[in-house]
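What follows is one structure encoded as structure tokens, with my remarks underneath.
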Amino acid sequence: MNDVKGSPSQEPDPEALTGTLTFRLGTVGALVGARFTAAVEDLGVKPKHVGLLSVLSSGAPASQQDAARTMGVVPSLVVTLADQLEGLGAIERVRDPDDRRRHRLGLTEEGHALLAECTARARALDAELTAGLSAAERGALARAMGVLARDAGLP
């Protein structure tokens with residue numbers, strides 16, 4: 001039976017589950033997700049909060065519905081995330097002048113600073129995760145991940 005972690009010099013059996021791209025991306029994704037969660041938890045946020053900050057960083061205030069659509073989550077989750085981020089002073093809600101039932105979300109200065117810190121921590125994690133790769137391998141990985149994300153409809 002193949003070891004999930006394996007050894008650096010041992011390639012998994014391509015016929016085994018552990019040799020599939022799906023399994024390997026899922027396993028690495030779970031590890032990276034857990035490490036990123038740990039990297040930002042002292043800031044009072046989780047990855048979904050960071051995702052909302054990123055969506056709002058484009059500049060134009062977004063409705064909660066628009067943010068949910070962009071993130072691929074239910075609107076009620078955006079409401080919860082926005083409540084928490086508003087409590088941290090990272091976002092502000094303003095009534096939509098065209099539809100008073102809607103709220104628009106925008107980043108505050110604190111929100112921009114929080115997103116910048118989360119981005120710096122993500123970049124540090126990137127460096128740790130790819131330390132064993134050459135510059136060419138890092139570039140190839142970034143390009144491949146970009147294609148996979150694009151084809152999946154992700155930002």
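The values are calculated or read from the model by the stated rules, or taken from the named source; none is laboratory data. These numbers were taken from a predicted model, which means no experiment stands behind them. For neighbour counting, all protein chains shown are included, and Cβ atoms are generated from backbone atoms with ideal geometry for every residue, glycine included.
Note on the range 101-127: residues that are without any contact (Cβ under 8 Å) to a residue 12 or more places away in the chain and either surrounded by 11 or more Cβ atoms within 10 Å (Cβ to Cβ) or β-branched (Val, Ile, Thr) (or both) total 5.
The single residue among Arg121, Arg150 that is of a type in the set (Lys, Arg) and at pLDDT below 95 turns out to be Arg150.
Taking the condition touching a Ser or Thr at 6+ places or on another chain (Cβ under 6 Å) and assigned to a helix (DSSP H, G or I), does Val55 pass? Judged against the criteria, Val55 is a match.
Tell me whether the range 64-84 contains one or more residues that are within 20 Å of Leu114 (Cβ to Cβ), modelled with pLDDT of 95 or more, not aliphatic (A, V, I, L, M) and not in a helix (DSSP H, G or I). Checked the range 64-84: no residue is within 20 Å of Leu114 (Cβ to Cβ), modelled with pLDDT of 95 or more, not aliphatic (A, V, I, L, M) and not in a helix (DSSP H, G or I).
Considering only residues in the range 90-130 that are assigned to a loop (DSSP other than H, G, I, E, B) and more than 12 Å from Val45 (Cβ to Cβ), the one that is nearest to the chain's Cα centre (by Cα) turns out to be Thr130.
Across the range 138-155, the qualifying residues are those that are closer than 16 Å to Leu21 by Cβ and surrounded by 11 or more Cβ atoms within 10 Å (Cβ to Cβ), and the one among them that is farthest from the chain's Cα centre (by Cα) is Ala140. Give me the residue from the range 89-112 that is touching a Leu at 6+ places or on another chain (Cβ under 7 Å) and of a type in the set (A, V, I, L, M) and, out of that set, nearest to Gly59 (Cα to Cα). That would be Leu107.
Please determine whether any residue of the range 62-69 is of a type in the set (A, V, I, L, M, F, W, C) and free of Cβ contacts under 8 Å to residues at least 24 places away in the same chain. Yes: the range 62-69 contains one or more residues that are of a type in the set (A, V, I, L, M, F, W, C) and free of Cβ contacts under 8 Å to residues at least 24 places away in the same chain.
For first residues located in the range 11-27 and free of Cβ contacts under 8 Å to residues at least 40 places away in the same chain, partners that are among the aromatic types (Phe, Trp, Tyr) and surrounded by 11 or more Cβ atoms within 10 Å (Cβ to Cβ) and lie 6+ apart or on another chain with Cβ distances below 6 Å form the pairs Leu17/Phe23.
Looking only at residues of the range 1-35 that are in a helix (DSSP H, G or I), hydroxyl-bearing (Ser, Thr, Tyr) and within 24 Å of the chain's Cα centre (by Cα), we find that the one that is modelled with the highest pLDDT is Thr27.
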